[in-house]
Amino acid sequence: MDGNGRWAIRQGKPRSAGHEAGSDALKRTIRAALGHGIRVLTVYAFSSENWSRPKSEVRQLLDLFIKALNREVRELAEHGVRLCFIGDRSAFSRTLREGMLQAERRTAGNTRLHLNVAVNYGGQSDVAAAARALATKVAEGRLRPEQIDREQLEAALSLGQQPAPDLFIRTGGERRLSNFLLWQLAYTELYFTGVLWPDFSEVHFDAALSDFARRERRFGGLGRVQNA
Ligand code: IPE
Ligand code: MG
């Protein structure tokens, strides 16, 4: 979800207004995902690198999360959304951590849409944490090193039990992953758009889905034509 700041500046507003508008765009996107019967949606709300922004912006973003949680959880719960947060929460305030935990508990039984929100998340740290978890098991004698394979490592990641994403969408014009879900994106279709996140609407979402529908996914194989 990139481009909030530029969207605001273009309108002569403070960056904070961009983040506010960005939270509306997220709401619209969740609604669109529900409408399309999408089962899993993972959004990058705050990266472990975002701490390097000015303190005031970080504070505003975190305040916005708390406000959005308080405001939206009931409606999300009513629509069958299951909320999960991935990333290192230990850096957050007690209020925010409690809010996240409560939202997860409250929606734990929902199955229509699994909404993962990445906060203080970094893909490299995720892999490192998984390696640490496996190393601990080895040290405790519960796992042998030769048992460590792709599946073991994957299961230890924060999205371990969930399918790899089919489609990755980045708004705001940059063409990079910025440390998002590095492991899981191995065979994901990548889609980049110059649309700034606060402008992102169902029309843009549909365009991304149509583009995705035209891709031929071979997963390293030969695909339709050569296999025929
Ligand atoms: C993305 O928008 C929002 C977060 C990282 C939370 P930016 O704040 O990165 O917006 P730009 O890239 O400066 O326009
Ligand atoms: Mg940005």
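The values are calculated or read from the model by the stated rules, or taken from the named source; none is laboratory data. This one's a predicted model, so the numbers in the text were calculated from it and none came from an experiment. Cβ placement follows ideal geometry from the backbone for every residue including glycine, while neighbour counts extend to all protein chains displayed. We work out accessible area using only protein heavy atoms, side chains counted, and drop any ligands, DNA or RNA first. Shrake-Rupley method; radii C 1.70, N 1.55, O 1.52, S 1.80 Å.
Side notes on the structure shown:
- Candidate set: segment 66-88, residues that are open to solvent by 40 Å² or more (accessible area, probe 1.4 Å) and under 16 Å from the mean Cα position of the chain (by Cα); chosen: the one farthest from Gly122 (Cα to Cα): Arg82
- The single condition from (1) open to solvent by less than 20 Å² (accessible area, probe 1.4 Å); (2) among the small types (Gly, Ala, Ser); (3) part of a helix (DSSP H, G or I) that Ala118 fails is (3).
- Residue in segment 5-13 that is within 16 Å of ligand 2 (Cβ to nearest atom), surrounded by 15 or more Cβ atoms within 10 Å (Cβ to Cβ) and more than 21 Å from Arg175 (Cβ to Cβ) present: yes
- Segment 163-184 - residue that is outside any loop (DSSP other than H, G, I, E, B) and not β-branched (Val, Ile, Thr) and, of those, farthest from ligand 1 (Cβ to nearest atom): Leu167
- Pairs where the first residue, in segment 155-176, is under 21 Å from Asp211 (Cα atoms) and open to solvent by less than 50 Å² (accessible area, probe 1.4 Å) and the second is within 16 Å of ligand 2 (Cβ to nearest atom) and among the small types (Gly, Ala, Ser), C-beta under 6 Å, 6+ apart: Thr171/Gly3; Gly172/Gly3; Gly173/Gly194
- Every residue from segment 21-52 that is surrounded by 15 or more Cβ atoms within 10 Å (Cβ to Cβ) and within 11 Å of ligand 1 (Cβ to nearest atom): Ala21, Gly22, Ser23, Ala25, Leu26, Val43, Tyr44, Ala45, Phe46, Ser47, Asn50
- Output for segment 194-225, where each listed residue is within 16 Å of ligand 1 (Cβ to nearest atom) and either open to solvent by 50 Å² or more (accessible area, probe 1.4 Å) or under 30 Å from Ala128 (Cα atoms) (or both): Gly194, Trp197, Asp199, His204
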